[in-house]
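Working notes, beginning with the structure itself.
The values are calculated or read from the model by the stated rules, or taken from the named source; none is laboratory data. Please read all numbers here as calculations on a predicted model, not as lab measurements. No Cβ is skipped: glycine too gets one built from the backbone with ideal geometry, and neighbour counts run over all protein chains shown. Areas reflect the complete protein model, heavy atoms only, side chains present, ligands, DNA and RNA absent. Shrake-Rupley method; radii C 1.70, N 1.55, O 1.52, S 1.80 Å.
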Amino acid sequence: MTVSSSVADTKNQPRRETDWRLFMRLASYATRSKRLLIISIVLLVPLAISGAVQPILIGQAISLIRAEPTYEFLRGMPLSAGLNILAVMLMLTITFRLGLQSVQGYLVTKVGQIITTDIRNDLFAHVTSLAVRFFDRTPVGKLMTRLTSDVEALGEVFSSGAIGIVGDLFSILVIAIFMFTMQWQLALMLVLMMIPITALIVYFQYKYRIANYNTREELSDLNAQLQENLTGIGVVQLFRRERFNSELFRVTNQRYIKEIDETIFYDSAVSATLEWIALVAIAAVLWMGGQSLLAGTINFGTLSAFILFAQRLFDPLRQFAEKFTAIQAGFTAVERISDILNEPIEIKDPTSAQKEERRSQQEDRQREENSPLLIASHPDEIAKSQDLESGEIQFDNVWFAYKEDEYVLQNLNFTIKSGEKVALVGPTGAGKSSIIRLLCRLYEPTKGRILINHVDIRDLPQAELRRYIGVIIQDGFLFAGDVKSNISLGENYSIEEIKAAAEKTNVAGLIEQLPQGYDTQLRERGTNLSGGQKQLLAFARAAIRNPTILVLDEATASLDVGTEALIQQALERLMEERTAIIIAHRLSTIRNVDRILVLKRGQLIESGTHDELLQQEGLYASLYKLQMLES
């Protein structure tokens, strides 16, 4: 399924998980800050009680003024003294409540930020562990939206909503208890009025969730288009695509605005409905309470308290309406982020059971074929060995497809001996780069296996495997930072080791010509260097790691003739006593390798030295003669 179709399907589906399940996903992160969370929840009790007591105090003040029955401690007390006591008590509850709200607000926001940080860290770690296949089908702009704005949105679930909702529900419960102790008929009427409003909130919440999910998807599309156009701005301007791409962006932007309008409608509908219901509740209390007042079943102070209770009872729902957008956006973000976190990690380091199972299968297979047991004494032998001189590579019946049943490599069998220099040759799409990606375990073979020193590479930790193999590609990626950090890439190499690697690959002179030498700051993707200079840093990056297997994928294609001659000498030194795999379209550069493997449509069709392949007059001979004619 393509990305566009999957996105379309997602937009047409209702939410797949309930709010409770999404909330429980966040709760697992919240428990990492148990102390702060427990304090925040404990503070809800005095907050709710202090809020419920205030209407009672006001009602008692009114009853005292009207000489109606009041609490025992107020009876027989002068009016001014009683009012002063009630005023002081009211002021204390207000001050106490405001102080607790400030403390709790700070703690809840802090918990929300901790949760946001933890989720962002986990999400980044998970995304960088996913196989390259995932990034082939997922635009970078969409991932950026989920790693940035979606993570920020879900932080609002706690910092603006989650604990607040729990507090609001607790306040409703406490107020209801106080009301029933005072006058159960009015209390029952107010509680029953909350049923239809709750049903409406649930309905609008459901519709808002779908609209908000679609909004986030359209925002992802906008970011994906923006990222693509900024990255390819040179092509956009050279081919005069500004107006055409602007129109594409405008169409996507209009879809985004349409979805935003729908979320605004449902958000406004919730707020408006709550306001009307709250007014109706007060009117109902006045009508029913007035009847009871005339009948003498309640006094004026109790009626006044219930009017305030009606406001206080619906205040939590009003606050929920204010937080509605942030909470629903947060839940949508959790749902979208869960999609990423639920993405399986295709390429994992092996467990002991998996190693032993593959080892057993390999032994059984070799016994059936009556072949010698070419198995390392233990699957970790390469990783643990201090002597990594051997670099034998074996592709055993390897099949590979980027898409199901569309094989780019078919039944590939070959062995590269330790220290052998082998070139991969073939037309575009023959599968040369796919072989390198499989060898580095950026992808897994669909069928078959790849061995290094008779050990299945799936039985090696990925870090050890990739330290064992040095890869130099045509378009090496540079990070923002200085030159020396782009060579060391975060590993603990001294400046002397970095300079030695640069000198070994003949790039030290070019680095020293830069404004600050090894301390020269590089912009993003190394835009302040030429293509050749960026490629030269890739050679030093590989040399400093002293790999046993060296892979050159069109490594000198972006170098000028003079620089290529300079680096060719360094390459010959670098390949000494190493297994080397070379991919080169210029066949004249691989004439002196030990062996050439010729590929066509994912199959190995020819193998031999340069002279042997010319004598065979097959595909290699045709390609070589064609290049000679062109030159």
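Miscellaneous remarks
- Between 0 and 90°, nearest 10: helix 79-129 axis offset from the chain longest Cα axis: 10 degrees
- Per-residue ³J(HN,Hα) for the range 135-149, Karplus 6.51 cos²θ - 1.76 cosθ + 1.60, θ = phi - 60°, Hz, x for Gly and Pro: 6, 5, 9, 10, x, 4, x, 5, 5, 4, 4, 6, 7, 10, 5
- Helix axis angle, 531-543 relative to the chain longest principal axis, alpha carbon, degrees: 80 degrees
- Each pair of Cα atoms in the chain enters the Kirkwood radius, and Stokes-Einstein at 10 °C and 1.306 mPa s then converts it into a translational diffusion coefficient of 52 µm²/s.
- Length gained on full extension, Lys207 to Leu79, computed as 0.36 nm times the residue gap minus the Cα-Cα distance: 40.6 nm.
- Listed residues Thr446, Ala272, Ile233: farthest to the positive end of the dipole of the chain (Cβ charges): Ala272
- Amide H partners (placed H, <5 Å) of Gln521, local residues excluded: none
- Among Ala153, Ile197, Gln328 - extreme Cα towards positive end, dipole of the chain, charges at beta-carbon: Ile197
- Vicinal HN-Hα couplings computed from phi for the range 263-270 (Karplus, 6.51 cos²θ - 1.76 cosθ + 1.60; Hz; Gly/Pro x): 5, 5, 4, 5, 5, 5, 4, 5
- If the segment from Glu275 to Asn546 were pulled out straight at 0.36 nm per residue, it would be longer than the present Cα-Cα gap by 90.4 nm.
- Summing Cβ point charges (Lys, Arg +1; Asp, Glu -1) relative to the Cα centre of the chain gives a dipole of roughly 1700 debye.
- Folded to 0 to 90 degrees: helix 3-12 orientation relative to the chain principal axis, Cα: 20 degrees
- Highest average packing first - 591-603, 307-319, Cβ atoms within 10 Å: 307-319, 591-603
- Amide H contacts for Glu346 (H built 1.01 Å from N in the peptide plane; partners 5 or more residues away or on another chain; cut-off under 5 Å): Ala131.
- Taken along the Cα-to-beta-carbon direction at a fixed 7 Å, the label points for Glu612 and Val235 span 4.0 nm.
- The listed peptides 56-64, 133-141, ordered by packing as a protection proxy, come out as 56-64, 133-141 (highest mean of other Cβ atoms within 10 Å first).
- Phi to ³J(HN,Hα) by Karplus 6.51 cos²θ - 1.76 cosθ + 1.60 over the range 312-318, Hz, x for Gly, Pro: 5, 5, 8, 4, x, 5, 4
- Heavy-atom surface of the chain, accessible at 1.4 Å and reported per residue (Å²): 51 Å²
- Rolling a 1.4 Å probe over the protein heavy atoms of the range 398-468, with every protein chain left in place, gives an accessible area that is 47 percent carbon and sulfur.
- Loop-resident GluC sites (Glu not before Pro) (DSSP state other than H, G, I, E or B) in the range 567-603 with no more than 16 further Cβ atoms inside 10 Å of their Cβ: Glu576, Glu577.
- Take each peptide in 439-450, 246-257, 542-553, count the other Cβ atoms within 10 Å of every residue, and average; sorted highest first, the result is 542-553, 439-450, 246-257.
- Rounded to 0.05, the FRET efficiency of the Phe477 and Asp349 pair, given R0 = 30 Å and the Cβ-Cβ distance, is 0.80.
- Label-to-label distance, Phe244 versus Lys600, with points set 7 angstrom from Cα along the beta-carbon direction: 3.6 nm.
- The calculated FRET efficiency for Ser418 paired with Ser338, based on their beta-carbon distance and R0 = 41 Å, is about 0.30.
- Separation of the range 539-553 from the range 422-441 is 17 Å, based on Cα centroids.
- Estimated inter-spin distance, Lys34 and Asn528, nm [label 7 Å along Cα→Cβ]: 5.0 nm
- Placed amide H near Tyr402: partners under 5 Å, 5+ positions off or other chain: Val408
- Estimated FRET transfer efficiency (Ala500, Leu629; beta-carbon r; R0 56 Å; 0.05): 0.80
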